[in-house]
Amino acid sequence: TIFKNNDEYITSELNDLDGVIAIGKFSKEDVEKFSMYSPIIVFVDSSPDEKKYDSVVIDFKKAMREVLGYLLSKGHNNIGFIGGREYVGSKREPIEDERETAYIEFMRSKGLYDINNVYIGRFTPEDGYRLMREAIKKRQLPTAFFIASDSMAIGAFSALYEANINVPGDVSIVGFNDIPNSKFLIPSLSTVKVHTEFMGVTAVNLLLERLNDKRKISKKVVIPTELIIRESSK
C-alpha cells in the first residue's frame, strides 16, 4: 500500500508485488513511478486515469449539495467556506479541491456567491483557527460555515470561542470527515461522514478481482457520504 502523509510517500515493502493500492492524490510522475512496481493499481480518494486504473472515490459534489441545501433550509443565505490546498509532484502542483468547486457552483446557482466568504489555507487546526480569525475581523460574518475538514473546524471553534461568538447561536458550523473527536466537541460537530473503512475494503476487493478473475476493464466505484447533524448547526 502507498499513501501520502505531509507531502511524503509512505510505502510498504515494494518487492514482488501483485498489485498496489495507492491512497491519496498523486501527480502524473507519481503514477508512472507506481506502475513500475505493478501494472495493477487501485487508487483510493483519487482517479488519475479511470480508463486504465481502478479507483474508489466519493461524490464531493453530491455531498456539498446536501450540506449547503441543509444550511439553506435552516435559513442561512450567507454561508462561508473554509478549505485547503493539496500539492502533488516534485513541482508541487496544486490540486483542485472538489468541495471548493462544488461550493462555488452551488452558491452561484442560488445567486449567493461572495468571493469574500472563501478562505483557503492548509488542512490543519492552526489554519482553521487563523482563517476564522480573518473572517471574524471582517464586518459581516456569515451565519454559517462549511469547513472542509474536521481538523480545520476544531481550530475555527477556538477562534470563535475567543471572540465570544456562540456556536450555533451566532454561527452554524458543518465540517467534513467525521473524525472520532468530532462528536466530543462542545458543541458536537455536524459533519459529513466519509466511510473510509468501506473504501479500503472496496479497494482490496477490486484488487482481488483483477488478480483472481483477470478482469481487464477498469472500474470507478463511488462511495456515498452521510451528513451527520449534531449540535454545531441549526
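The values are calculated or read from the model by the stated rules, or taken from the named source; none is laboratory data. This structure is a prediction, so every number in the text was calculated from the model and none was measured. Reconstructed Cβ throughout: ideal geometry from the backbone, glycine too, with neighbour counts over all protein chains shown. Accessible surface areas use protein heavy atoms only, side chains included; no ligands, DNA or RNA. Shrake-Rupley method; radii C 1.70, N 1.55, O 1.52, S 1.80 Å.
Looking at the stretch 136-161, I want the residues that are of a type outside the set (A, V, I, L, M, F, W, C) and have a partner that is open to solvent by less than 10 Å² (accessible area, probe 1.4 Å) and part of a strand (DSSP E or B) with Cβ atoms under 6 Å, at least 6 apart or on another chain. Which pairs are those?
Every condition considered, the pairs that remain are P142/I79; P142/G80; S149/F176; D150/G175; D150/T191.
Would you pick out the residues in the stretch 48-60 that are open to solvent by less than 40 Å² (accessible area, probe 1.4 Å) and in a loop (DSSP other than H, G, I, E, B)?
Scanning the stretch 48-60 gives a single hit, Y53.
Are any residues in the stretch 134-169 crowded, with 17+ Cβ neighbours inside 10 Å and either basic (K, R) or over 14 Å from I186 (Cα atoms) (or both), and if so, which ones? Steps first, please.
We begin by selecting, within the stretch 134-169, every residue crowded, with 17+ Cβ neighbours inside 10 Å; these are 135, 141-157, 159-160, 167-168.
Within the stretch 134-169, A135, L141, P142, T143, A144, F145, F146, I147, A148, S149, S151, M152 meet the criteria.
Of these, I104, I58, I82, I115, which one is more than 18 Å from the chain's Cα centre (by Cα), modelled with pLDDT of 95 or more and not acidic (D, E)?
On the way: I104 fails: more than 18 Å from the chain's Cα centre (by Cα); I58 fails: more than 18 Å from the chain's Cα centre (by Cα); I82 fails: more than 18 Å from the chain's Cα centre (by Cα).
Result of the check over I104, I58, I82, I115: I115.
In the stretch 1-43, what residues are at pLDDT below 85 and of a type in the set (G, A, S)?
S12, the sole residue that qualifies.
Take the residues in the stretch 78-102 that are out of contact with any strand residue (DSSP E or B) (no Cβ under 9 Å at 6 or more places or on another chain) and not in a helix (DSSP H, G or I); name whichever of them is nearest to L131 (Cα to Cα).
The residue in question is E96.
Being among the aromatic types (F, W, Y), in contact with a Leu (Cβ under 6 Å, 6 or more places away or on another chain), open to solvent by 20 Å² or more (accessible area, probe 1.4 Å) and over 18 Å from F176 (Cα atoms) is the requirement here; does Y113 meet it?
Values: among the aromatic types (F, W, Y): yes; in contact with a Leu (Cβ under 6 Å, 6 or more places away or on another chain): no; open to solvent by 20 Å² or more (accessible area, probe 1.4 Å): yes; over 18 Å from F176 (Cα atoms): yes.
Judged against the criteria, Y113 is not a match.
Identify the residue in the stretch 220-234 that is part of a loop (DSSP other than H, G, I, E, B) and open to solvent by 80 Å² or more (accessible area, probe 1.4 Å) and, among all such residues, is farthest from Y161 (Cα to Cα). Steps first, answer last, please.
First, the residues of the stretch 220-234 that are part of a loop (DSSP other than H, G, I, E, B): 224-225, 229-234.
Then drop every residue that is not open to solvent by 80 Å² or more (accessible area, probe 1.4 Å), which leaves 224, 229, 231, 234.
Details: P224: 33, I229: 21, E231: 15, K234: 17 Å.
Restricting to residues being part of a loop (DSSP other than H, G, I, E, B) and open to solvent by 80 Å² or more (accessible area, probe 1.4 Å), the top hit is P224.
If a residue has to be part of a helix (DSSP H, G or I) and without any contact (Cβ under 8 Å) to a residue 40 or more places away in the chain to count, how many in the stretch 106-133 make the cut?
Keep residues of the stretch 106-133 that are part of a helix (DSSP H, G or I), which gives 106-109, 115-117, 125-133.
Retained after the next criterion (residues that are without any contact (Cβ under 8 Å) to a residue 40 or more places away in the chain): 107-109, 115-117, 125-126, 129-130, 133.
Total meeting the criteria: 11.
Scan the stretch 61-81 residue by residue and report those that are open to solvent by 20 Å² or more (accessible area, probe 1.4 Å) and of a type in the set (F, W, Y).
Result: Y70, single match.
Do we find that K214 is at pLDDT below 95, open to solvent by 80 Å² or more (accessible area, probe 1.4 Å) and not aromatic (F, W, Y) in this structure?
Working: at pLDDT below 95: yes; open to solvent by 80 Å² or more (accessible area, probe 1.4 Å): yes; not aromatic (F, W, Y): yes.
Here the answer is yes, as K214 does meet what is asked.
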